[in-house]
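Just so you know, all these numbers are worked out from the coordinates, no wet-lab data involved. Note that the coordinates shown come from a computational prediction; the quantities given were computed from them, not determined experimentally. Heads up, the Cβs are rebuilt from the backbone with ideal geometry, glycines too, and the neighbour counts pull from every protein chain shown.
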Amino acid sequence: MTHPMPQPIPELGLCILSWRNHEKLRVTLDSYRRQGLFRFFSEARILFQEATAEDFVIAEEFDLSALGLESNVGIEQGWAYLLNHMNSRYIVFLENDCPLIEPEAVVAHELNQGVRLLDRGIVDVYRLRSKEHPGAKFQNCTKYQRYYPVANEPYSPSQSLMRTLRRWVRPKKAQRLIGSAPYCIHDATQRHPQLKQHTDDVIIVPSAYLNWTNQSVLFSRTWMQGVLLARVRSHPSHRSINGFQDIEMALNCDWWRQQAFKIGIGSGLFTHL
């Protein structure tokens with residue numbers, strides 16, 4: 001029995017930001033092609049910073065529309081440049097080291113669910129990094145565990161006391177970690193009533209409890225351009241990466257936490273190399 005090919009989701013575009021590291025890029029794009037990810041998008045573009053001839057060869061191999069910049073302009077400017085070349089209302093934004101680890105049926109469910117939540121104003125951003133297998137450089141649960149218990153750990157009176165003391169001494173830090181709970185425990189909404197169980201597989205987290213991430217996210221293009229990137233430009237961080245503004249560094253501040261943005265967390269689709 002043959003299954004029908006998935007149709008592009010109306011008004012959904014794919015952006016990929018890439019800088020060097022062709023080996024990881026090939027692994028990532030190959031996972032997208034194998035699982036039919038590109039078929040879900042009305043448009044898909046990749047931006048190469050410090051573009052080389054090999055970059056464009058890879059893009060052609062995977063039938064991707066490619067943009068190239070001679071120099072590295074950083075994350076914030078790279079996002080802005082790529083979004084300015086998109087027409088779609090909703091955007092999935094990925095990086096060159098974020099392979100897809102779920103089958104086509106899960107991809108269809110997650111993308112359609114995310115677009116539906118955005119379209120109805122239920123969330124402002126929908127996270128697509130895998131909850132079960134988030135991959136490299138994911139420190140949320142390590143940090144969460146310093147303030148709250150997690151499953152399958154032996155009880156330790158001294159550790160329990162230290163967690164209580166940390167929450168008492170650093171209440172704002174403890175509050176900001178609440179939004180990481182869906183990645184770390186199975187009863188996140190029972191432990192933390194600040195989180196809302198929207199459906200069986202979607203939890204909604206107010207931005208007071210969870211930082212912005214650049215990693216594998218779905219959002220409205222105009223919201224990103226007119227609200228978040230505008231904020232980064234008007235209030236740049238004193239910290240930078242190679243002299244360039246980073247969206248995470250600029251946004252993860254009191255302003256972000258006061259906006260009451262709604263962050264959707266589902267099962268996720270992508271890991272990180």
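Table for the structure above
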{"read-out": "Segment 192-273 - charge dipole about Cα centre, Lys and Arg +1 at Cβ, Asp and Glu -1, debye rounded to 20", "value": "260 debye"}
{"read-out": "Residues VAL57, VAL73 arranged by fewest to most Cβ contacts within 10 Å", "value": "VAL57, VAL73"}
{"read-out": "Stokes-Einstein diffusion coefficient of segment 52-91, Kirkwood radius over Cα pairs, 20 °C, 1.002 mPa s, in µm²/s", "value": "186 µm²/s"}
{"read-out": "Charged-residue dipole, Cβ positions (Lys, Arg, Asp, Glu), segment 8-162 about Cα centre, Debye nearest 20", "value": "640 debye"}
{"read-out": "Out-of-range pairs (alpha-carbon distance over 21 Å; input LYS173/LYS262; LYS131/LYS196; LYS137/LYS172; LYS143/LYS172; LYS24/LYS143; LYS137/LYS262)", "value": "LYS137/LYS172; LYS24/LYS143; LYS137/LYS262"}
{"read-out": "Sparse-neighbourhood loop sites, GluC sites (Glu not before Pro) in segment 1-81 - DSSP loop, at most 15 other Cβ within 10 angstrom", "value": "GLU50, GLU70"}
{"read-out": "Helical mean residue ellipticity (222 nm; -39500 (n - 2.57) per DSSP H run of 4+; nearest 500) of the chain", "value": "-10000 deg cm²/dmol"}
{"read-out": "Sequence of ARG89, ARG127, ARG233 once ranked by neighbouring C-beta atoms within 10 Å, starting from the fewest", "value": "ARG233, ARG89, ARG127"}
{"read-out": "Computed log₁₀ I(q)/I(0) - Debye formula, equal Cα scatterers, no solvent, segment 187-253, q 0.18, 0.22 Å⁻¹", "value": "-0.80, -1.00"}
{"read-out": "Dipole of the chain, positive end: most advanced residue of ALA188, SER216, PHE93 [Cβ charges, Cα centre]", "value": "ALA188"}
{"read-out": "Counting all C-alpha pairs of the chain, share separated by more than 34 Å (%)", "value": "20 percent"}
{"read-out": "Debye, to nearest 20: dipole size of the chain, +1 on Lys, Arg Cβ, -1 on Asp, Glu Cβ", "value": "1560 debye"}
{"read-out": "q = 0.11, 0.18, 0.25 Å⁻¹: log10 I(q)/I(0) that the Debye formula gives for segment 1-72, counting C-alpha atoms only", "value": "-0.29, -0.71, -1.16"}
{"read-out": "Dipole of segment 58-122 [Lys/Arg +1, Asp/Glu -1 at C-beta], most positive-end residue of GLN113, ILE58, GLN77", "value": "GLN113"}
{"read-out": "Residue exposure sequence - VAL169, VAL150 - by fewest surrounding Cβ within 10 Å", "value": "VAL169, VAL150"}
